[in-house]
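Data block below; observations after.
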Amino acid sequence: MLAVALAVGTLLATAACSDDGDDSASTDSSTATSSAGERTATASPTITPLTSAGAQTALITAGDLEDNWTQVKTAASWRNRLLIGTVDAAQFLTGKTQAADCQRLLDGLYDEDLLGTPPGPSALTGFTEGNSRLLYQVAAYQPAGLDQSFDWLKTLPTACDQFNAVASDGSTRTVQVVEASLPKAGDTRQGLTVTVAGPSGGTPVTLTLDVAVVRVGDDAITVTNGGTDGADHDSTEDAVSHGTTRLKDVREGRTPAPEPSEFD
């Protein structure tokens, strides 16, 4: 009987040890899973408001563009007189509404404030290559104002697909607006190609401009690129993709790379 009792006791002790071991393994597994989940979780980057210094840092450089663009210091004074004109409202089905939208486009391109006057910090730079100019702007805006501006921009290829504008000397210029593709960058974006054809100094000329606007949070970049020799779409795309990366870096407290990565 003593031998049987000892045998039963040994079996019970073994079963207890086995149960304890299973609990321990389960606990360890749960802990490992939890730790793995914690390691894979990434915190959202802290976004800092754009400052004047940050806007300057977010500007692209000649290294962000293909070909032989030269950075200049006179971009703030650039104006193209081919963009000056009074839109002929008579040719629009809805008259004043469409004419006002198209007039706003011409005025915004001439004054270089397509999204309106920035209420926050801003910076701009410019580049030349032959007869072409590329203007690049970074600025902080109010959210509601950006919403309205992008809603307006998206209507232009339809509302202002083709119209006439009368210059101060009475000559007529034909303006065409078509949608242009852009790299998938920022929160939202809108690309346009605007051509203005008419006489200048008695000679027929055609101005072609790429227009690209990209929103990143409450900030935005605006690119206008082109001239009477046409627009280099590849350079516009470079400015958009590399410029958006630079702006994101600045907003997240990082220093942008001096040259774009070959993997961008």
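The values are calculated or read from the model by the stated rules, or taken from the named source; none is laboratory data. As the structure is a prediction and not an experimental result, all values here were calculated from the model. All Cβ positions, even for glycine, are placed from backbone atoms using ideal geometry, and neighbour counts span all protein chains on display. These accessible areas exclude ligands, DNA and RNA; they are computed on the full protein's heavy atoms, side chains included. Shrake-Rupley method; radii C 1.70, N 1.55, O 1.52, S 1.80 Å.
Read through the list (1) in contact with a helix residue (DSSP H, G or I) (Cβ under 7 Å, 6 or more places away or on another chain); (2) in contact (Cβ under 8 Å) with a residue 12 or more places away in the chain; (3) over 21 Å from Ser241 (Cα atoms), then give the number of the only condition that Asp88 fails.
Going through the list (1) in contact with a helix residue (DSSP H, G or I) (Cβ under 7 Å, 6 or more places away or on another chain); (2) in contact (Cβ under 8 Å) with a residue 12 or more places away in the chain; (3) over 21 Å from Ser241 (Cα atoms), Asp88 breaks only (1).
Which ones in segment 223-258 are open to solvent by less than 10 Å² (accessible area, probe 1.4 Å), under 23 Å from Gln176 (Cβ atoms) and either within 13 Å of the chain's Cα centre (by Cα) or modelled with pLDDT under 95 (or both)?
Val223, Thr236, Ala239, Val240
Out of curiosity, is Thr97 surrounded by fewer than 17 Cβ atoms within 10 Å (Cβ to Cβ) and hydroxyl-bearing (Ser, Thr, Tyr)?
yes
Out of the residues in segment 115-126 meeting the condition of being in a strand (DSSP E or B) and either of a type in the set (S, T, N, Q) or at pLDDT below 95 (or both), tell me which one is least open to solvent (accessible area, probe 1.4 Å). I'd like the intermediate steps shown before the answer.
Within segment 115-126, the first condition is being in a strand (DSSP E or B), and the residues that meet it are 122-126.
Right, trim to either of a type in the set (S, T, N, Q) or at pLDDT below 95 (or both) and you get 122, 125.
Values: Ser122: 61, Thr125: 9 Å².
For segment 115-126, the residue satisfying everything is Thr125.
Name the residues in segment 70-112 that are part of a loop (DSSP other than H, G, I, E, B) and over 21 Å from the mean Cα position of the chain (by Cα), would you?
Once the filter is applied, which keeps residues that are part of a loop (DSSP other than H, G, I, E, B) and over 21 Å from the mean Cα position of the chain (by Cα), segment 70-112 yields Lys73, Thr74, Trp78, Arg79, Asn80, Ile84, Gly85, Asp88, Phe92, Leu93, Thr94, Gly95.
Tell me which residues, restricted to segment 165-181, are under 22 Å from Thr203 (Cα atoms), surrounded by fewer than 21 Cβ atoms within 10 Å (Cβ to Cβ) and either touching a residue at least 24 places away in the same chain (Cβ under 8 Å) or touching a Gly at 6+ places or on another chain (Cβ under 7 Å) (or both).
Val166, Ala167, Ser168, Ser171, Thr172, Thr174
Here are the criteria: (1) among the hydrophobic types (A, V, I, L, M, F, W, C); (2) modelled with pLDDT of 95 or more; (3) open to solvent by 20 Å² or more (accessible area, probe 1.4 Å). Tell me which single one Leu106 does not satisfy.
Of the numbered conditions (1) among the hydrophobic types (A, V, I, L, M, F, W, C); (2) modelled with pLDDT of 95 or more; (3) open to solvent by 20 Å² or more (accessible area, probe 1.4 Å), the odd one out for Leu106 is (3).
Looking only at segment 193-216, filter to residues that are aliphatic (A, V, I, L, M) and either within 20 Å of His242 (Cβ to Cβ) or open to solvent by 10 Å² or more (accessible area, probe 1.4 Å) (or both); which one of those is farthest from the chain's Cα centre (by Cα)? Steps first, please.
Within segment 193-216, the subset aliphatic (A, V, I, L, M) is 194, 196-197, 205, 207, 209, 211-214, 216.
Narrowing further to those that are either within 20 Å of His242 (Cβ to Cβ) or open to solvent by 10 Å² or more (accessible area, probe 1.4 Å) (or both): 197, 205, 209, 211-214, 216.
Values: Ala197: 28, Val205: 31, Leu209: 18, Val211: 12, Ala212: 8, Val213: 6, Val214: 2, Val216: 6 Å.
So the residue we want is Val205.
Looking only at segment 160-197, which residues are small (Gly, Ala, Ser) and at pLDDT 95 or above?
Ala165, Ala180, Ser181, Ala185, Gly186, Gly191, Ala197 - these are the residues of segment 160-197 that are small (Gly, Ala, Ser) and at pLDDT 95 or above.
Tell me which residues, restricted to segment 234-256, are touching a Ser or Thr at 6+ places or on another chain (Cβ under 8 Å) and either assigned to a helix (DSSP H, G or I) or among the acidic types (Asp, Glu) (or both).
Within segment 234-256, the subset touching a Ser or Thr at 6+ places or on another chain (Cβ under 8 Å) is 246, 249-253, 255-256.
Answer for segment 234-256, where residues must be touching a Ser or Thr at 6+ places or on another chain (Cβ under 8 Å) and either assigned to a helix (DSSP H, G or I) or among the acidic types (Asp, Glu) (or both): Arg246, Asp249, Val250, Arg251, Glu252.
Could you say whether any residue in segment 222-229 is part of a loop (DSSP other than H, G, I, E, B), touching a strand residue (DSSP E or B) at 6+ places or on another chain (Cβ under 7 Å) and under 16 Å from Leu109 (Cβ atoms)?
The answer is yes; a qualifying residue exists.
Quick one: count up the residues across segment 58-87 that are modelled with pLDDT under 95 and of a type in the set (S, T, N, Q).
4
Applying the selection to segment 127-164, what residues are under 29 Å from Gly63 (Cα atoms), open to solvent by less than 40 Å² (accessible area, probe 1.4 Å) and assigned to a strand (DSSP E or B)?
Phe127, Ser132, Leu134, Leu135, Tyr136, Gln137, Val138, Ala139, Ala140
Mind checking which pairs have a first residue in segment 240-251 that is under 13 Å from Gln56 (Cβ atoms) and a second that is part of a helix (DSSP H, G or I) and open to solvent by 30 Å² or more (accessible area, probe 1.4 Å), Cβ under 7 Å, 6 or more apart or different chains?
Val250/Thr57
Determine the pairs where a residue that is more than 27 Å from Asn80 (Cα to Cα), located within segment 182-195, has a partner that is open to solvent by less than 40 Å² (accessible area, probe 1.4 Å) and of a type in the set (Lys, Arg) with Cβ atoms under 7 Å apart, the partner being 6 or more residues away or on another chain.
Within 7 Å, the pairs are Gly186/Arg215; Asp187/Arg215; Thr188/Arg215.
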